[in-house]
Structure formats: C-alpha cells, structure tokens
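Data first, discussion second: the structure below is written as structure tokens.
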Amino acid sequence: MNKVDIDLVIEKVLQEKKIEIAEKMDLFSSVNINSYKDTFLELVFVILAAGTSAELALKTVNALKLDNCVFVQSLDQIVVRLKSCYRFYNLRGKYIFNTREYLENFHKNEFAKIFKDNSSHYNRRRFFSSNPGIQGVGMKAASHFLRNIGFDDYAILDKHIINLLKDSGLISKKVSVLNEQTYIEIENILKVIALRHNLSLSSLDLILWYSKTGKIIK
C-alpha cells in the first residue's frame, strides 16, 4: 500500500472546505466560557461522544437540555432521560452527574476561574484529563472539549486521525494505546504539519477528520 501524502490531503480539503472550516472554528470560539451552562454542555457532549458518534452525542445533549434536566435533576432522573436515546445510559449518566456535582461543590461552576488557574497548555488539559472529579474524560475527550470552546491548540486523536497518520508513515502501525506521553508526541507531529500549512492545530484536526469521514461536525 502506497503512503498517503498528508500535505496533499490537507490542500485538497482546503480547496473544498476552507470557508466551512473557518466558520466552524469561529463557532467554537464564540462559546462563552463565563456561561456555566454553555460550557458544561460542551463537557457533557464529549463525555457522550466517546465511543459513539458526534451526531448521537448532539442528539443526546439536546434531550438532556430539556427542562434543564442535566443541570438540576438527580442521577436517576438523568439516567432515565439518557435511556430514551442513548446506549450507555448508566455509566455515562454517572459520569455526567458526578462531574456536575464536583464542579459545583469544589469550583462553584466557575469555568473561567478554572482556566485562569490552569492557564498553561498542558495544565489546562490535564485538569480535565487527569482529574478524578472529571469523570469519563481522558486526553482525547479533554482536547475535544477545549477545542469546542475555542482553545485552538489541541488535537483530537481519534481513530480516524490515528489511522491517517499511520497511512502517512508519520507514526508506527503498532501505535494503539494513547497514554499521555504518546498523545503529546503525536500531537507534536501534527503541530509541525499545522505550522507548515499556516493552520491552527484544531483547524488541521477538522481538515484531517473531514478527509476520513466526509463530515464537519464538532
């Protein structure tokens, strides 16, 4: 199998979708991190998206927004709502509820202060990826969350991106488990590519994801 030329892939997508990608990035940056509800819903989205699809996660977030369910209801009530539209209702319901309670009890739902107190690139992500109080969120989901609220210096290394990098010969075919060190090493490879094309890392992620899926969602 011939190696994929990742630079050609990027240029092709930019010719087709440059405006749409720019609009999506503008949408991410418009999220108000001073709004607890808006920001928490983005965190709920990535908890739900893990191992499923962005489409299903969006549909489920919309269901949880009804009657402010995700913000005010008990764990049992959240699980009942999830059960109507989502497969992993018990586990993800627990993740969402426990994360909500942690943010309220220990951080007074002040996302802006969390970001101020964890202002470096790595500490900002590590707060969400390695914090026992934030459940169901690892490196990929934390990166996804931060990208979706306007931080454009993170890569979301899902299976599509990983497979493309393998096909391009940029990472080993043997890469499977993404611990923090491996994640950062691969992200650094993408940073070099992004710089070469004068792109933010998050824009590059959208481009590569589109090249594999034909979709630009979130």
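The values are calculated or read from the model by the stated rules, or taken from the named source; none is laboratory data. From a predicted model like this one, the values you see are computed outputs, not experimental measurements. Reconstructed Cβ throughout: ideal geometry from the backbone, glycine too, with neighbour counts over all protein chains shown.
Among the residues of region 144-168, what is the count of those that are assigned to a helix (DSSP H, G or I) and touching a residue at least 24 places away in the same chain (Cβ under 8 Å)?
Residues of region 144-168 assigned to a helix (DSSP H, G or I): 144-148, 159-167.
Now drop any that are not touching a residue at least 24 places away in the same chain (Cβ under 8 Å), which leaves 144-145, 147-148, 160-165, 167.
Number satisfying all stated conditions: 11.
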Fill in: Selection from region 1-46 of residues that are surrounded by fewer than 17 Cβ atoms within 10 Å (Cβ to Cβ), acidic (Asp, Glu) and touching a helix residue (DSSP H, G or I) at 6+ places or on another chain (Cβ under 8 Å)
Asp7
Practice prompt. For Leu41, indicate whether it is at pLDDT 95 or above, out of contact with any Ser or Thr (no Cβ under 9 Å at 6 or more places or on another chain) and more than 24 Å from Ser203 (Cβ to Cβ).
Written response: no
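If we scan region 47-60, do we find a residue that is touching a His at 6+ places or on another chain (Cβ under 8 Å), part of a helix (DSSP H, G or I) and crowded, with 18+ Cβ neighbours inside 10 Å? Quick ask: steps written out before the conclusion?
Quick first cut of region 47-60, residues touching a His at 6+ places or on another chain (Cβ under 8 Å) only: 49.
Next, from what is left, pick out any that are part of a helix (DSSP H, G or I): 49.
Checking which are crowded, with 18+ Cβ neighbours inside 10 Å leaves us with 49.
Checking region 47-60: at least one residue is touching a His at 6+ places or on another chain (Cβ under 8 Å), part of a helix (DSSP H, G or I) and crowded, with 18+ Cβ neighbours inside 10 Å.
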Fill in: Number of the condition not met by Asn109 [criteria: (1) closer than 24 Å to Asp26 by Cβ; (2) assigned by TED's automatic domain parsing to the domain that holds Glu55; (3) polar (S, T, N, Q); (4) more than 14 Å from the chain's Cα centre (by Cα)]
(1)
Worksheet item: When region 120-179 is examined, which residues are found to be farther than 22 Å from Ala22 by Cα, hydroxyl-bearing (Ser, Thr, Tyr) and at pLDDT 95 or above?
Response: Ser120, Tyr122, Ser129, Ser130, Ser168
